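Please treat every number below as a calculation from the coordinates, not as lab data. These numbers come from a predicted model, not from an experiment. Cβ: placed from backbone, ideal geometry, glycine included. Neighbour counts: every protein chain shown.
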Amino acid sequence: MMATKKWRRNGLAHYLLSHSFSKLKEKGMTAAVLSVDSDSYTDATIVYQKAGMYVHRGFTRYDLEF
């Protein structure tokens with residue numbers, strides 16, 4: 001999920017997540033999983049936590065470019 005600065009912090013992400021979770025539950029799904037960059041400068045993890053999600057597992061990835 002991504003929004004330009006103008007559209008951040010107005011509840012749109014929370015609404016979309018809540019609506020999506022409701023639809024998944026209606027379809028019989030019992031869980032939702034997503035991956036996010038926990039170092040995001042937009043504090044994306046806070047959006048997901050406010051929607052009721054929690055950190056299940058964390059990982060660090062190392063890369064080397066030549």
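So the values come out like this:
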{"quantity": "Lysine pairs in the chain with Cα atoms under 23 Å, if 8 or more residues apart or on separate chains", "calculated": "5"}
{"quantity": "The chain, Rg to Rh (Cα coordinates; Rh as Kirkwood inverse mean 1/r)", "calculated": "1.04"}
{"quantity": "Between 0 and 90°, nearest 10: helix 12-26 axis offset from the chain longest Cα axis", "calculated": "60"}
{"quantity": "Estimated inter-spin distance, MET2 and HIS19, nm [label 7 Å along Cα→Cβ]", "calculated": "2.1"}
{"quantity": "Net length gained if the chain between TYR62 and THR42 were fully extended (0.36 nm per residue, minus Cα distance)", "calculated": "5.0 nm"}
